[in-house]
1. Taking every DSSP beta bridge with both residues inside the chain, roughly what % is antiparallel (nearest 5)?
2. With viscosity set to 1.567 mPa s at 4 °C, what whole-number translational diffusion coefficient in µm²/s follows for segment 328-399 from Stokes-Einstein and a Kirkwood radius over Cα pairs?
3. Given a 1.4 Å probe and every protein chain left where it sits, what share in percent of the accessible area of the chain is carbon and sulfur?
4. Quick one: of 90/416; 165/365; 184/290; 224/383; 72/327; 258/340, which pairs are farther than 20 Å apart, Cα to Cα?
5. Roughly how many nanometres apart are two label points built 7 Å out from the Cα toward the Cβ at residue 221 and residue 51?
6. At a threshold of 8 angstrom on Cα-Cα distance, excluding pairs fewer than six apart, so keeping six or more, what relative contact order does the chain reach in percent?
7. In whole percent, what relative contact order does segment 73-210 give with Cα contacts below 8 Å and a gap of six or more residues?
8. Per q in 0.09, 0.10, 0.12, 0.14 Å⁻¹, report the Debye log10 I(q)/I(0) for segment 282-416, using one uniform scatterer on each alpha carbon and no solvent.
Amino acid sequence: MKRPLHGVLAGVAMVTGLALAISSCGFGSKDNADSDTTINFLAPAYSDGANGTKALWDGIIADFQKQNPGIKVNLQIESWNSINDVVRTKLQSKSTTPDILNIDAYASFASDGQLYPASEVVSPQVLSDIQPGFAKNASLNGTQFALPLFASTRTLFYNTDLFAKAGVTAPPKTWAELTDTAKKIQALGGGVSGYGLPLGSEEAQGETSIWTFGAGGQWAEGDKLTIDTPANLDGVRAMREIADAGVTQPNPGATDRKDVINAFIQGKIGMIEGLPPNISQITAKNPGLKYATAPTPTKSGTPVTLGVADHLMAFKKDGKKTETIKKFLDFFYGADVYSKFVSTEGFIPITNTAATKLASDPVTKAFGSTLAVAQFYPSNNPKWAAAQGAIRQQIGTIAQGTDPAQVLQRIQEAAK
């Protein structure tokens, strides 16, 4: 069972919200082994089973400790349903605060002065190996405080059998081409929809961002949220237009992404914006599905996508573990160790060396080129959580007749 990568807001699942009741032995004030050569590491479970997250980390830690016999790594794995509560509890005391934490959001910890700058806990070689856009997204006020663990972006998945039946020879690059292609697929009948448009409350901010970014928009400029801009309005109007064209699944304003993904896997939708875990889901649920991937269509045809990353971060505590933490993180980000971890979990590597090593991996082949054109949620802005929640609740109403300009104005108000 795979849990797709988190977005910005801790506790909000990206696809299915899978609940994994997994936990290993914890660490805390009762441990007498919290020395300068002990690392207490708290991480979430992305997957379970014999080759799941816990087994991966256990293997990495065993290999690391074999090479560094003087260092002990205490691992605690929690489900994504519980890890945010666990973090809040552990951070109440330095004795229980983890030395390394794997979670999505880091900015509040960094702004409170709790984290080491990344340059103090990994080598320059590791820092320079990270994709620049994801390094910038892990930075606050010009200082990188977090290390991207791996990435998830979006790209167009399209059903090649339906394309052939509809007489479509190439994937669309622009919104106009997307709508035209969707009309041809919709005309096939048989309950098939042209394009999957998930604007339900599960994760509407993801689909919306793909369209606003595709119009040249952004959600923030500096420290100011910029929701109701002309470019963002272009993107939301384009979503309204494709919904009004009758070429999406029924009731797109109330459809969650997981339902659109499942319909695509069943061969009932011609095109969707897909994620890395969808590749393994297709393999498991419908291995005979004929599909391909292509860059996300945009207003002008210039590629852009939505990117998210979960992070590793190191807490200062008493400041005595810098070298110990650096040894472990440098070991983990080595090309062999890191590439195995990423490929097993089914996400995109964020280091150049791992991307080279995984060039033939299905996920890297489909998504690797999207990293350079990824744009991000303004996760460092404290008002983004309110804006994101408003998008999830409000954006679906555009498919039910509400004026897109009004919707964006309401979202902007919610973020004040």
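1. Values: 26 of 41 bridges.
Antiparallel bridges: around 65 percent, rounded to the nearest 5.
2. 88 µm²/s
3. Working: 8270 of 16520 Å².
With neighbouring chains kept in place, the figure for the chain is 50 percent.
4. From the list (90/416; 165/365; 184/290; 224/383; 72/327; 258/340), the Cα-Cα distance tops 20 Å for 90/416; 165/365; 258/340.
5. Modelled inter-label distance: 4.8 nm.
6. Computed value for the chain: 24 percent relative contact order.
7. With pairs under 8 Å counted, the relative contact order is 12 percent.
8. -0.47, -0.58, -0.79, -0.97
The values are calculated or read from the model by the stated rules, or taken from the named source; none is laboratory data. Just so it is clear, the structure is predicted and the values come from calculations on it, not from any experiment. Heads up, the Cβs are rebuilt from the backbone with ideal geometry, glycines too, and the neighbour counts pull from every protein chain shown. Side chains included, ligands, DNA and RNA excluded: accessible areas come from the protein's heavy atoms. Shrake-Rupley method; radii C 1.70, N 1.55, O 1.52, S 1.80 Å.
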